[in-house]
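The values are calculated or read from the model by the stated rules, or taken from the named source; none is laboratory data. Worth saying up front: this structure is predicted, and the values here are computed from it rather than measured. Calculation scope for accessible area: heavy atoms of the full protein, side chains included, ligands and nucleic acids excluded. Shrake-Rupley method; radii C 1.70, N 1.55, O 1.52, S 1.80 Å.
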Amino acid sequence: MDFFNSLLESYTEDLFDELAIETPVSLSRALPIRRAEFLAGRAIARAALHMLGQPAPQIPIGPDRAPLWPPGSAGSISHARGHCACFAIADGTCQAGVDVEATASGHALESLLSTTVDDDERALIARQSALSPDGLVTLLFSAKETLFKALYPTARHFFGFDCAQVRAVPRDGRLRLHLTRTLCRELPKGERFDVSFEITAGHVLTWLAVRRHDASI
């Protein structure tokens, strides 16, 4: 059964009260599927914080639409067709990113190739045989999404897929991204980040934690 249909069949507005999760004003007129996704993400985020022995109050939406994690913790939430993912750590001196994606094919794969991958990365995809081309392209997209989530609190501005590049075939659950331009003083061109990943049937999951760079640390 399609994830969206099964999620909607299980979802009721009462679940917000039953799980003690507040409904953001910004979702007051959202479609049921959007509200269900928000609820699922906050529910697993709270469960993750409990597993870490952290207090798990509300996790509201911040002004940049990213979740606001309680002091002493950091995390990230992602949704994709069939999956909802959360990566949380009990360390307030870090910032985190996570992304889950359905493996792209057809027009979606062509779109990722045109918007996410540069010429050098296309050559890498063509000459390697460790991963399927559709799996590797999806992995690159997911890893760059995860990198953006993890670095945005430091960069404080949006940056495109061309700001990071993979230069070697991912292996052993790690994909290294190199910054191709300076994002800010703390994130210079050439900085490298090793994004963790897992590929399953039909989906790609990536996650990353980095040390914060701000005056509060």
Longest to shortest principal axis, alpha-carbon extents of the chain, angstrom:
52, 47, 30
Sticking to Cα atoms, compute the Rg of the range 85-195 to one decimal and its Dmax as the biggest Cα-Cα distance, whole number, in Å.
14.0, 41
Using θ = phi - 60° and the Karplus relation 6.51 cos²θ - 1.76 cosθ + 1.60, list the HN-Hα couplings for the range 20-28 in order, rounded to whole Hz, with x at every Gly or Pro.
6, 10, 6, 8, x, 4, 5, 9, 4
Cα-based Debye curve of the range 8-52 sampled at q = 0.27, 0.29 Å⁻¹ gives log₁₀ I(q)/I(0) of -1.03, -1.14
With a probe of 1.4 Å, find how much accessible area the chain has per residue, and write the answer as a whole number in Å².
53 Å²
Pairwise over distinct Cα atoms, reciprocal of the mean inverse distance: report the Kirkwood radius of the range 50-144 in Å, one decimal place.
15.5 Å
Just want to confirm a number: the relative contact order over the range 28-160, from Cα pairs under 8 angstrom separated by 6+ residues, in percent.
18 percent
Quick one: ranking 161, 197 by accessible area, 1.4 Å probe, largest first, what do you get?
161, 197
What the 10 Å binned alpha carbon P(r) of the range 41-85 shows, as percent of pairs per bin from 0, is 27, 56, 17, 0
What value, in deg cm²/dmol to 500, does the helix sum -39500 (n - 2.57) over DSSP H runs of n ≥ 4 give at 222 nm once divided by the residues of the chain?
-11000 deg cm²/dmol
Accessible area of the chain belonging to carbon and sulfur atoms, whole % at 1.4 Å probe:
54 percent
Length-normalised contact order of the range 137-186, Cα under 8 Å, at least 6 apart, in percent, tallies to 33 percent
So for the range 126-190, what are the equivalent ellipsoid semi-axes in whole Å, largest first, each being the square root of 5 times an eigenvalue of the Cα gyration tensor?
24, 12, 10
Exposure rank, largest accessible area first [22, 198, 121; 1.4 Å]:
22, 198, 121
